[in-house]
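Where a number appears in this text, it was derived from the coordinates with a stated rule and is not lab data. Model, not experiment: these values are computed from the prediction. Cβ coordinates were reconstructed from backbone atoms using ideal geometry, including for glycine residues, and neighbour counts include every protein chain displayed.
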Amino acid sequence: PATVNKTGVNGQNLVNYPKNFGALLNSQSGTIQLTTEAVLNQSKHIAKLALLADPVVTEVDGANKLLDNMVAVQSKFLGYLE
């Protein structure tokens, strides 16, 4: 967690957080790393892998449709993935 304001991004330490929250953070770290890689490399393939790494995404066809929809709706920002 962080506070984001005009002075920048200021991280906040988490002290004594529940183990289940830590497990959730760990399970999302791979998805976040792949998403970052997809942006830096402007790669639709890696963006799809990031979606598939997310534990809530359970179908390849659904991930493909979701990614195509995201690119279409937010083409101003994601047009490089077309």
20 Å reach of a label modelled at residue 73, 7 Å along Cα-to-Cβ, counting backbone N of the range 22-45
32, 35-36, 39, 44-45
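Which order do the peptides 3-10, 33-40, 17-24, 69-76 take when ranked by the mean count of other beta-carbon atoms within 10 Å per residue, highest first? List each step's numbers first, then the result.
Values: 3-10: 7.9, 33-40: 15.1, 17-24: 9.5, 69-76: 11.5.
Ranked from most to least packed, the peptides come out as 33-40, 69-76, 17-24, 3-10.
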Over the chain, what is the mean sequence separation of C-alpha contacts under 8 Å (at least six apart), divided by residue count, expressed as relative contact order in percent?
18
In the chain, if every C-alpha pair distance is counted and binned at 5 Å from zero, what percent goes to each bin?
3, 13, 17, 18, 17, 15, 11, 5, 0
Longest principal axis of the chain (C-alpha) makes with the long axis of helix 60-73 (C-alpha) an angle, in degrees to the nearest 10, of 90
